[in-house]
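J.: Before anything else, here's the structure in question.
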Amino acid sequence: MHYEPISVFDMLKIGVGPSSSHTLGPWRAAERFVEELELQAPLQQVLRVQIFLYGSLAKTGIGHGTDIAVQLGLSGFDPVTFDVAQITATIQHIADQKQLILHGTHRIQFNPTEDIVFLYQETLPYHSNGLRFTATLENGNTITETYYSIGGGFVKKKGEVISAKKTTPPFPINDAEDLLKWCIKTGLAIHEIVYENEQAWRTEETIRTDILKIWQVMKDCVYRGCHTSGVLPGGLNVRRRAADLNKRLLQGAVYNNYDEWVQNIRKGGNHFQYTLDWVSCFALAVNEENASFGRVVTAPTNGSAGVIPAVLHYYIIFCHQDNTIPEEDKVMHFLMTAAEIGSIFKKEATISAAMGGCQAEIGVSSSMAAAALTEALGGTQKQALMAAEIAMEHHLGMTCDPVRGLVQVPCIERNTMGAIKAITASQLALQSTPDFARVSLDDVIKTMWETAKDMNFKYKETADGGLAVNVPISHPEC
């Protein structure tokens with residue numbers, strides 16, 4: 001089997017909501033097009049750029065901000081650093097001026113209503129999330145490139161063969177069987193195997209710094225979402241709930257920052273209902289931010305970005321742990337384990353809802369979180385893999401049916417369900433003997449992929465089926 005190296009930082013990306021495949025991926029594709037365009041002709045020779053969106057990108061592109069993403073990408077803005085508060089003004093300026101500054105250096109005429117074309121009835125053969133860029137030059141020639149946003153912010157150019165990283169890591173992994181083999185052979189925990197592999201591509205200092213940056217974005221996102229009220233954009237009129245829930249749970253507690261906020265949460269104890277409410281609050285907060293074009297961590301997608309932060313906050317805040325291990329190390333171990341499970345799903349199946357339905361997003365994120373939590377709580381490698389299997393087994397067949405094409409209903413609440421299922425799966429695995437399990441993680445991933453291929457197209461992020469066609473859009477809260 002061909003080995004596909006996937007890093008922690010491939011699976012956990014800092015970006016902008018609301019969708020990794022429909023926002024972050026097209027944003028990156030637009031950046032790539034400009035870079036590749038410069039290799040073929042000076043940007044000063046470009047008169048016009050048009051973007052053609054196909055399949056799921058067309059059907060739910062407006063709701064997912066695909067049109068916004070490609071304009072920002074063509075303009076040369078980076079989704080990791082761009083000030084999300086400036087998105088609306090930037091896009092409005094392009095529309096008003098009917099001009100776009102290509103790569104921030106070359107001004108061209110650009111009318112979004114004419115130059116971004118939604119081909120609702122056409123789908124490219126390789127993947128449902130296809131987009132094509134065409135640049136017209138002064139001499140009349142055109143340059144055209146086609147890209148596919150294949151889930152989780154990953155982008156593949158038409159005809160491109162994704163090459164392996166220069167260095168093969170010491171423990172190449174394609175499936176769960178490979179991972180378990182290396183764990184048994186070396187006696188290393190899953191996160192230790194991942195850490196060794198990452199060092200084939202990055203220094204120890206870089207690994208630590210970059211993982212902690214990811215954690216900081218997660219913390220910022222949760223805190224911001226728990227303190228922002230209002231109605232989500234897009235016309236569905238869904239009210240944000242995390243801030244109200246946060247306020248009720250803290251009952252007037254006073255704090256000035258994230259650390260003081262966490263201290264107040266801990267003071268409430270850890271009884272079941274209280275803990276359950278907070279896990280839901282954390283997940284709601286992230287995905288309300290995501291739905292508002294906020295900065296999130298793709299984990300493994302934007303639509304499922306709330307599951308891992310919610311479960312990680314549950315672990316850090318509520319679980320009694322060995323205090324001799326620094327919190328930063330606990331976070332690193334958790335995220336490395338989660339990322340490895342996600343990479344196995346990507347290699348063996350998909351993390352794209354347009355290909356696999358919501359089982360490929362919320363299901364995968366729940367599986368990632370379950371394995372990470374199990375190992376963090378002292379479970380064995382086999383128990384961690386068992387937890388991942390349990391979590392996915394009970395997401396099999398979940399459709400992706402966003403109402404009005406927005407990553408709001410049912411997406412936001414599904415993150416709370418995915419987080420709770422991850423915790424439940426972890427508890428089951430910790431109280432079980434994996435040697436007696438009848439279903440392996442590889443078995444359930446294979447089943448997920450077969451289910452994805454059998455699933456009707458209308459249930460794959462098209463807004464053509466399920467809740468998307470049965471929920472009256474006048475409902476204020478869903």
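J.: Please count how many residues of the stretch 115-147 are in a strand (DSSP E or B), without any contact (Cβ under 8 Å) to a residue 40 or more places away in the chain and more than 26 Å from the chain's Cα centre (by Cα).
T.: The number of residues fulfilling the criteria is 2.
J.: Take the residues in the stretch 42-60 that are aliphatic (A, V, I, L, M) and either at pLDDT below 95 or part of a helix (DSSP H, G or I) (or both), then tell me which one is farthest from the chain's Cα centre (by Cα).
T.: Checking each candidate, the answer is 43.
J.: Does residue 329 qualify as being outside any loop (DSSP other than H, G, I, E, B), more than 23 Å from residue 192 (Cβ to Cβ) and among the charged types (D, E, K, R)?
T.: Answer is no for this residue.
J.: Related question: For the structure I just gave you, tell me whether residue 468 is assigned to a helix (DSSP H, G or I), touching a residue at least 24 places away in the same chain (Cβ under 8 Å) and either in contact with a His (Cβ under 9 Å, 6 or more places away or on another chain) or more than 19 Å from residue 58 (Cα to Cα) (or both).
T.: No, not satisfied.
J.: Shifting gears a bit: Tell me the residue from 205, 145, 114, 198 that is surrounded by fewer than 20 Cβ atoms within 10 Å (Cβ to Cβ), of a type in the set (D, E, K, R), at pLDDT 95 or above and touching an Asp or Glu at 6+ places or on another chain (Cβ under 9 Å), please.
T.: 145
J.: For the condition assigned to a loop (DSSP other than H, G, I, E, B) and polar (S, T, N, Q), what is the one hit in 408, 383, 359?
T.: Going through 408, 383, 359 in turn, just one is assigned to a loop (DSSP other than H, G, I, E, B) and polar (S, T, N, Q): 408.
Let's see how each residue does on (1) of a type in the set (Gly, Ala, Ser); (2) in contact with a Pro (Cβ under 7 Å, 6 or more places away or on another chain):
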position	(1), (2)
131	no, yes
140	yes, no
146	no, no
167	no, no
175	no, no
192	no, no
196	no, yes
205	no, no
209	no, no
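J.: Across the stretch 61-106, what is the total count of residues that are in a loop (DSSP other than H, G, I, E, B) and small (Gly, Ala, Ser)?
T.: 4
J.: Residue check, residue 301 against (1) part of a helix (DSSP H, G or I); (2) in contact with a Ser or Thr (Cβ under 8 Å, 6 or more places away or on another chain), all met but one. Which one?
T.: (1)
J.: Just give me the residues in the stretch 271-293 being touching a strand residue (DSSP E or B) at 6+ places or on another chain (Cβ under 7 Å) and surrounded by 24 or more Cβ atoms within 10 Å (Cβ to Cβ), in sequence order.
T.: Within the stretch 271-293, 286, 289, 290 qualify.
J.: Okay, moving on. Given the structure, is residue 425 of a type outside the set (S, T, N, Q), more than 23 Å from residue 149 (Cα to Cα) and surrounded by 24 or more Cβ atoms within 10 Å (Cβ to Cβ)?
T.: Yes: the conditions hold for residue 425.
J.: Quick check on this structure: which one of 238, 222, 217 is closer than 20 Å to residue 405 by Cα and either modelled with pLDDT of 95 or more or out of contact with any Pro (no Cβ under 7 Å at 6 or more places or on another chain) (or both)?
T.: Exactly one residue qualifies, and that residue is 238.
J.: Determine, yes or no, whether residue 439 is in contact (Cβ under 8 Å) with a residue 60 or more places away in the chain, over 22 Å from the mean Cα position of the chain (by Cα) and surrounded by fewer than 24 Cβ atoms within 10 Å (Cβ to Cβ).
T.: So residue 439 does not fit the description; no.
J.: Which of the residues spanning the stretch 1-36 are of a type in the set (Asp, Glu) and assigned to a helix (DSSP H, G or I)?
T.: Residues satisfying the conditions are 10, 31, 35, 36.
J.: Looking at the stretch 234-262 only, could you name the residues that are outside any helix (DSSP H, G or I) and buried (at least 16 other Cβ atoms within 10 Å of the Cβ)?
T.: Of everything in the stretch 234-262, those that are outside any helix (DSSP H, G or I) and buried (at least 16 other Cβ atoms within 10 Å of the Cβ) turn out to be 234, 236, 238, 240, 241.
J.: When the stretch 166-187 is examined, which residues are found to be among the aliphatic types (A, V, I, L, M) and either farther than 15 Å from residue 345 by Cβ or out of contact with any Leu (no Cβ under 7 Å at 6 or more places or on another chain) (or both)?
T.: 179, 180, 184
J.: Sticking with this structure for a sec: With respect to residue 269, is the statement that it is closer than 21 Å to residue 85 by Cα and either touching a residue at least 60 places away in the same chain (Cβ under 8 Å) or not in a helix (DSSP H, G or I) (or both) true?
T.: No.
J.: I need the full set of residues from the stretch 58-80 which are under 13 Å from residue 24 (Cα atoms) and either of a type outside the set (A, V, I, L, M) or not assigned by TED's automatic domain parsing to the domain that holds residue 134 (or both), in order please.
T.: 61, 64, 65, 66, 67, 71, 73, 77, 78, 79, listed by residue number.
J.: Which condition does residue 278 not pass, out of (1) of a type in the set (A, V, I, L, M, F, W, C); (2) in contact (Cβ under 8 Å) with a residue 24 or more places away in the chain; (3) not in a helix (DSSP H, G or I), if it passes all the others?
T.: Only one criterion is unmet by residue 278, namely (3).
J.: Looking only at residues in the stretch 370-405 that are under 30 Å from residue 471 (Cα atoms) and acidic (Asp, Glu), which one is surrounded by the fewest Cβ atoms within 10 Å (Cβ to Cβ)?
T.: Filtering first and then ranking leaves 393.
J.: Among the residues of the stretch 193-208, count how many are closer than 25 Å to residue 378 by Cα and either of a type outside the set (D, E, K, R) or free of Cβ contacts under 8 Å to residues at least 12 places away in the same chain (or both).
T.: The number of residues fulfilling the criteria is 7.
J.: Still on this structure, I have one more. Filter the stretch 83-113 for residues that are touching a residue at least 12 places away in the same chain (Cβ under 8 Å), farther than 16 Å from residue 65 by Cα and not polar (S, T, N, Q) and give the result.
T.: Within the stretch 83-113, 98, 100, 101, 102, 103, 104, 106, 108, 110 qualify.
J.: Filter the stretch 176-192 for residues that are farther than 16 Å from residue 388 by Cα and free of Cβ contacts under 8 Å to residues at least 40 places away in the same chain and give the result.
T.: Hits for the stretch 176-192 are 181, 182, 185, 186, 187, 188, 192.
The values are calculated or read from the model by the stated rules, or taken from the named source; none is laboratory data. If you're wondering where the values come from, they're calculated on a predicted model, not measured in any experiment. Here the Cβ is made from the backbone with ideal geometry for all residues, glycine too, and neighbour counts use every protein chain on show.
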